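In what follows, a single structure is set out as structure tokens and then discussed.
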Amino acid sequence: METLEFIIYPDGRVQEKVTGIVGNSCAEVTAAIEAQLGQVLNHEPTSEYFAAQVQQSNVANTHTTYSDW
């Protein structure tokens, strides 16, 4: 499940936490929100940011070697 969590501090800072989005597509999801909020002071990618989406392939690679024996 994709979630965006916002913590608004008394001094006006906003902390944004994105979960459930694999890869750097979270930047696309949050770009418009961050543009409206103002200057981004810090960006800390999570492990989900560095994870790659798994794509399963139905291709089988076979290699046959014949011996001279």
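See the values below:
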| quantity | calculated |
| --- | --- |
| Residues within the range 25-39 that are surrounded by 11 or more Cβ atoms within 10 Å (Cβ to Cβ) and not charged (D, E, K, R), tallied | 7 |
| So Q56, is it modelled with pLDDT under 90 and loosely packed, with under 10 Cβ neighbours inside 10 Å | yes |
| Residue, surrounded by the fewest Cβ atoms within 10 Å (Cβ to Cβ), within the range 1-24, restricted to residues that are of a type in the set (S, T, N, Q) and assigned to a strand (DSSP E or B) | T3 |
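The values are calculated or read from the model by the stated rules, or taken from the named source; none is laboratory data. Worth saying up front: this structure is predicted, and the values here are computed from it rather than measured. Counting neighbours? That spans all protein chains shown, and the Cβs are built from the backbone with ideal geometry, glycine included.
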